[in-house]
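The values are calculated or read from the model by the stated rules, or taken from the named source; none is laboratory data. Note that the coordinates shown come from a computational prediction; the quantities given were computed from them, not determined experimentally. Please note: Cβ atoms are built from the backbone with ideal geometry, for glycine as well, and neighbour counts cover all protein chains shown. Ligands, DNA and RNA are excluded from the accessible area calculation, which covers all protein heavy atoms including side chains. Shrake-Rupley method; radii C 1.70, N 1.55, O 1.52, S 1.80 Å.
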Amino acid sequence: MRTEPITDVSGRPIPVARTWHWGRWLAAAVALAVAAQLAYLIVANPSLDWGKVAEYVFHERILSGVWVTIEISVLATALGLVLGVLVAIMRLAHNPVLSGLATFYIWFFRGTPVLVQLIFWYNLAFLFPELVLKVPFTMIGVKWDTNEVMTGFTSAMLGLGLNLAAYFAETVRAGIQAVDNGQTEAAYALGMTPAKRMRVIVLPQALRIIIPPTGNEFISMLKTTSLVYVVAGHDLMTNASQIYKANNRIMELLIVASLWYMLMTAVATFLQGRLERRFGSEAVRLVRGGGLAARILPKAAA
């Protein structure tokens, strides 16, 4: 924005002296010096072979692990979002049984560490050697060997997805409760059932609030997948650890894994920014304004 110069009574410009913030310059210089020293200690460390970093950064097993990491993150996030919406609706239900079960689910999965959950699902065969799905009180059904079903990939996706659903449920619940009560009253005035009201009126508006924070959960999921190495899920961290156990190049392979995690996080952060620009302002307008029900009511009245 253009500003007019300051002038005296005769119209001549008055020179404005620039203020030098010496404290800011000193703090910046100290911070840069410390950062440069730390970077030099790592880059110039004789025990670190940067040639090995360059050799393994595009290694076949590393690239395979990157792809598996992305697969697990996407599938677990999708599973967590779907279950999170369901659990949130149950949590807000007037049925005390459904509300109680949803509350217990959220408490249980938020109260136990992710690592414990991953190990539990991976070793599910100790409790159930076979997984059976059949019609109650009949012999009609199918069964699977638990060890064949609960592979490292499956147990990782299931453990991370179920854990994430508990956190998503609270995010979804907050989004649903952020929708103006007038929307609900308008839906009831139109004669909508509670299920239809939730599906047609509330959820479309709540999702516009829920979707942007989903990017944060996905970014967190990308890094949480590093825990999958305990169940040998063939993700990035698993493959990197298997390589450095064979060649003893621990720091080099950890740097390679970190570079890929930072790259994936940067891409996910960019996509999250696009989501926030797409849904952020629209969410505020819909919730605070007339919203979906306001557009439906005139049509119903006509």
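Observations on the model:
- The test for being of a type outside the set (Phe, Trp, Tyr), outside any loop (DSSP other than H, G, I, E, B), within 30 Å of Ile219 (Cα to Cα) and open to solvent by 80 Å² or more (accessible area, probe 1.4 Å) does not hold for Ile106.
- Put simply, of Ala186, Ala195 the only residue that is modelled with pLDDT under 80, of a type in the set (A, V, I, L, M, F, W, C) and either in contact with a Cys (Cβ under 7 Å, 6 or more places away or on another chain) or open to solvent by 50 Å² or more (accessible area, probe 1.4 Å) (or both) is Ala195.
- Selection over the stretch 33-65 of residues that are of a type outside the set (Ser, Thr, Tyr), open to solvent by less than 90 Å² (accessible area, probe 1.4 Å) and within 23 Å of Val228 (Cα to Cα) gives a count of 6.
- The residues on offer are Thr238, Thr224, Thr269, and the sole one that is surrounded by fewer than 16 Cβ atoms within 10 Å (Cβ to Cβ) and among the β-branched types (Val, Ile, Thr) is Thr269.
- So Ala156, is it open to solvent by less than 80 Å² (accessible area, probe 1.4 Å), assigned to a helix (DSSP H, G or I), over 27 Å from Ser258 (Cβ atoms) and at pLDDT 90 or above: no
- Residues that are in contact (Cβ under 8 Å) with a residue 60 or more places away in the chain and among the β-branched types (Val, Ile, Thr) within the stretch 246-267 comprise Ile255, Val256, listed in sequence order.
- Failed condition for Lys134, given (1) over 30 Å from Thr238 (Cα atoms); (2) among the basic types (Lys, Arg); (3) open to solvent by less than 80 Å² (accessible area, probe 1.4 Å): (3)
- Matching option when the condition is out of contact with any Leu (no Cβ under 9 Å at 6 or more places or on another chain) and in contact (Cβ under 8 Å) with a residue 12 or more places away in the chain, among Ala195, Ala178, Ala186: Ala178
- For Val68, the criteria (1) surrounded by fewer than 19 Cβ atoms within 10 Å (Cβ to Cβ); (2) of a type in the set (A, V, I, L, M); (3) more than 22 Å from Val179 (Cα to Cα) hold in every case but one, which is (1).
- Among the residues of the stretch 124-145, the one identified as part of a helix (DSSP H, G or I), farther than 29 Å from Glu217 by Cβ and touching a helix residue (DSSP H, G or I) at 6+ places or on another chain (Cβ under 7 Å) is Ala125.
Residue-wise test of (1) of a type in the set (Phe, Trp, Tyr); (2) open to solvent by less than 50 Å² (accessible area, probe 1.4 Å); (3) farther than 30 Å from Ile211 by Cα.
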site: Leu115; (1), (2), (3): no, no, no
site: Tyr122; (1), (2), (3): yes, no, yes
site: Phe128; (1), (2), (3): yes, no, yes
site: Glu148; (1), (2), (3): no, no, yes
site: Thr151; (1), (2), (3): no, no, yes
site: Leu162; (1), (2), (3): no, yes, no
site: Gly182; (1), (2), (3): no, yes, no
